[in-house]
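Since the structure comes first, as structure tokens, the remarks are kept for the end.
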Amino acid sequence: MKYVIIGAVAGGASTAARLRRLDEHAEIVIFEKGAYISYANCGLPYYIGDVIKDRNALFVQTASAFNQRFNIDVRVRTEVTAIDPVSKTITAVNQKTGETYKETYDRLVLSPGAEPIRPPLPGISNEGIFTLRNVSDTDYIKGFVEQKHVKKAVVIGAGFIGLEMAENLQELGLDVSVIEMGNQILAPLDYPLAAMVQQHIRSKGVHLLLNTAVSAFGKEDNGLKVILNNGDALDADVVIMSIGVRPDTRLAVQAGLKLGEAKGIWVNDFLQTSDPDIYAVGDAIEFTNPITHQSMNTYLAGPANKQGRICANNIVLGNKHKYNGAINTAIVKVFDMTVATAGTASKNLTKAGIKHIVSTTHSGSHAGYFPGARQMSIQIAFTPEDGRLLGAQIAGYDGVDKRIDILSSVIQRGGTIYELTEFEHAYAPPYSSAKDPVNMVGFVAENILQDRLKIFYWDQFEQITKDDLLIDVRTKEEFEEGHISNALNIPLDDLRSRMHEIDQNKKIYTYCRAGLRGYFAQRILKQNGYNSIVNLSGGYLLWEICNREMPPINRPKTQNSLLQVA
Ligand code: FAD
């Protein structure tokens with residue numbers, strides 16, 4: 001058997017290594033058009049930022065070590081330019097010698113990845129404008145930043161890589177601006193958590209421009225001009241374009257393979273393309289999202305690596321190992337904050353027509369009495385009928401990673417919010433609380449589903465009329481520091497004695513700082529004959545951040561699907 005693999009980084013290298021473990025006697029050839037194989041793409045921004053100091057640390061494997069360990073014929077600096085599925089032959093060009101030759105295969109695996117989008121804007125070819133995908137890009141950017149002593153950077157696109165680059169350049173001492181065309185950063189997040197991160201990066205001195213696009217680049221004697229669609233222009237010594245990637249399907253198209261609805265390479269459950277002898281993995285493919293059941297691409301290292309293993313299993317052992325899709329579990333460090341997501345955001349559930357309830361809670365990363373506890377905010381989305389968990393997003397400082405992995409695991413196996421209420425975690429004060437943030441999320445969601453808590457959202461205040469009553473149940477001191485206009489302050493501890501001030505016939509909206517005291521108020525009022533009460537999910541804290549980031553005048557239609565006013 002002869003296996004040929006195109007692309008030797010995340011998906012390709014893991015397919016090749018697994019193929020060898022399953023089939024010691026096969027001939028395996030892997031082609032890589034770049035100079036390096038199996039390197040850590042995910043570490044590249046941190047090497048540019050000098051967090052990773054040793055360039056060699058980026059290389060998980062070298063071509064010669066891979067060859068020695070796995071007996072795999074590794075051909076770097078060799079680009080595959082064509083596939084002929086009829087003769088089962090590929091054409092390769094050795095970039096060092098210029099030699100073009102053909103190679104046959106019995107089974108072919110495509111793992112060419114995704115290519116960064118570089119729009120044809122005027123001036124985009126000017127020196128100093130980069131995209132970041134591989135080690136060569138990294139070397140160019142790092143060399144440019146160091147040799148030209150650059151002072152001002154403009155990062156275009158506020159996705160995961162854009163923000164990592166903004167942080168790393170800022171930490172190097174550059175003055176950094178981030179330009180984002182959308183109305184929020186980090187598109188996979190819903191607005192409230194994105195707003196928290198926006199506030200955070202602004203607090204670190206990054207200039208963030210939302211709802212702004214670049215229309216052209218100009219060249220000046222001493223650098224670049226980034227010309228914006230609002231008529232303004234920014235000076236820059238270096239520009240990082242990170243406006244997204246698209247699946248690299250060039251070879252697949254040339255070979256006549258089927259593409260899917262999301263414009264990735266179409267594969268079946270066994271990662272086999274429309275040609276049974278050709279498999280494909282990684283950023284280049286698309287698959288069915290297990291939550292929305294729509295076709296999607298994912299640009300993450302975890303799925304690419306795991307697909308490589310499944311693909312090799314299917315090639316050697318026959319199509320038995322199904323790929324169940326990915327739920328886009330991802331995490332990013334944004335200065336000292338950590339932001340993570342798993343499953344589907346509320347806005348995308350709405351687009352897919354999936355009914356859901358959103359709930360936001362704020363909890364300490366560990367017991368409040370133990371030093372160093374920091375708050376984390378968790379937003380989840382779940383089905384109103386049976387509480388199936390569909391999505392989770394977290395912004396915080398400590399312990400975000402373990403909570404998102406727990407939530408991801410529940411989402412991935414189709415679990416419910418009820419499971420979160422009983423999730424058994426390892427507890428000691430430095431690590432958690434006796435009720436972990438994940439349990440708290442479950443408790444709140446359970447209260448919602450069992451009608452003990454009715455909620456409304458930060459962007460639904462326009463539904464409050466003059467006949468309704470908005471009650472702030474925080475303390476007098478908190479109220480005086482800032483409150484929502486037209487709110488009546490009745491601190492929670494005074495509620496029972498001041499109940500006569502609240503008209504039973506009014507619709508009552510409550511809020512507190514985080515949501516908990518508002519819930520207590522709702523329980524007290526409910527059991528005293530008040531029937532129409534809703535509490536602000538995420539509390540004043542979330543309302544305040546969202547309003548600061550997006551005043552009502554700029555606000556699109558509400559994104560949350562269910563308003564729970566009785
Ligand atoms: P790649 O790993 O990109 O490998 C594709 C390879 O194929 C490339 O080396 C390319 O040169 C080669 N190739 C393409 N066409 C040909 C051809 N015709 N002939 C020969 N060779 C060819 N993901 C995370 O989950 N977490 C992170 O923190 C994270 N950070 C990232 C940071 C950066 C800067 C980048 C660029 C990506 C990051 N990713 C991260 C994404 C992750 O790296 C990718 O999802 C993953 O590498 C995809 O694997 P792949 O095998 O599909 O493609």
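Every number in this text was worked out from the coordinates using simple rules, so none of it is lab data. Worth saying up front: this structure is predicted, and the values here are computed from it rather than measured. All Cβ positions, glycine included, derive from the backbone under ideal geometry; neighbour counts span all protein chains shown.
Please arrange Lys204, Lys466 by how many other C-beta atoms lie within 10 Å of their C-beta, fewest to most.
Values: Lys204 15, Lys466 6.
Neighbour counts put them in this order, fewest first: Lys466, Lys204.
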Just to confirm the filter: which trypsin sites (Lys or Arg not before Pro) across segment 372-431 are DSSP coil and have at most 16 other Cβ within 10 angstrom of their Cβ?
Arg374, Arg413
With each run of n ≥ 4 DSSP H residues scored as -39500 (n - 2.57), what mean residue ellipticity at 222 nm is computed for the chain after dividing by its residue count and rounding to the nearest 500 deg cm²/dmol?
-8000 deg cm²/dmol
Nearest 10 degrees is fine. How inclined is helix 10-22 to the longest principal axis of the chain, computing both from alpha carbons?
60
Excluding residues fewer than 8 positions from Lys507 in its own chain, the lysines with Cα under 19 Å of it are Lys454, Lys466, Lys526
Whole-Hz couplings from phi, Karplus 6.51/-1.76/1.60, listed for segment 287-295; x for Gly and Pro
8, 7, 5, x, 9, 8, 6, 9, 5
Amide H neighbours of Ala213 at under 5 Å, excluding residues fewer than 5 places away on the same chain, with H built from the backbone geometry, are Asn229, Asn230
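At 1.002 mPa s and 20 °C, plugging the Kirkwood radius over alpha-carbon pairs of segment 1-157 into Stokes-Einstein gives what diffusion coefficient in µm²/s? Kindly include the intermediate steps, with their values, before the conclusion.
On the way: Rh = 17.4 Å.
Approximately 123 µm²/s, per Stokes-Einstein.
Across all directions of projection, what mean area in square nanometres is found for the Cα convex hull of segment 189-327? List each step's numbers first, then the result.
Details: hull surface 48.7 nm².
Mean projected area for segment 189-327: 12.2 nm², to one decimal.
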Rg over Rh [alpha-carbon atoms, Kirkwood Rh] for segment 212-284:
1.28
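Scale the Cα Rg of the chain by the rule-of-thumb value 2.2 N^0.38 Å and send over the ratio, two decimals. The partial results should precede the final answer.
Values: Rg = 26.5 Å, N = 566, 2.2 N^0.38 = 24.5 Å.
Dividing the Cα Rg of the chain by 2.2 N^0.38 Å gives 1.08.
Which whole-number value in Å³ per residue fits the convex hull of the alpha carbons of segment 99-148?
It is 150 Å³ per residue.
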For the chain, with +1 on Lys and Arg beta carbons and -1 on Asp and Glu, the positive-most of Gln375, Ala8, Val197 along the dipole
Ala8
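With the Cα gyration tensor of segment 386-469 in hand, convert its eigenvalues to equivalent ellipsoid semi-axes via √(5λ) and list them largest first in whole Å. All intermediate terms of the calculation are to be shown ahead of the outcome.
On the way: eigenvalues 155, 50, 35 Å².
Output for segment 386-469: semi-axes of 28, 16, 13 Å.
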C-alpha long axis of helix 400-412 to longest principal axis of the chain, angle in °
80
Here P(r) for segment 79-179, Cα-Cα distances in 10 Å bins, as whole percents, is 12, 32, 24, 19, 12, 1
Quick one: Ser409, Ser111, Ser242, Ser485, fewest Cβ neighbours within 10 Å first, how do they rank?
Ser485, Ser409, Ser242, Ser111
Separation of segment 246-262 and segment 423-499 by C-alpha centroid, Å?
50
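How much of the pair distance distribution for segment 27-119 lies past 22 Å, counting alpha-carbon pairs only, in percent? Display every interim value, and only then the final one.
On the way: 1750 of 4278 pairs.
Percent of Cα pairs beyond 22 Å in segment 27-119: 41.
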Residue-wise HN-Hα coupling along segment 113-127, computed from phi with Karplus coefficients 6.51, -1.76, 1.60 (Hz; x: Gly, Pro):
x, 10, 10, x, 7, 10, x, x, 7, x, x, 5, 8, 4, 5
Using alpha carbons only, how many degrees (0 to 90, rounded to 10) separate the axis of helix 135-147 from the longest principal axis of the chain?
70
For segment 506-546, state the semi-axes of the equivalent ellipsoid (square roots of 5 times the eigenvalues of the alpha-carbon gyration tensor), sorted largest first and rounded to whole angstrom.
21, 10, 5
Distribution of pairwise C-alpha distances over segment 341-446, 5 Å bins, in %:
2, 14, 25, 26, 17, 9, 5, 2, 0
Order of Thr91, Thr138 from fewest to most other C-beta atoms within 10 Å?
Thr91, Thr138
Taking the convex hull of the alpha carbon atoms in segment 415-566, what volume per residue do you get, in Å³?
148
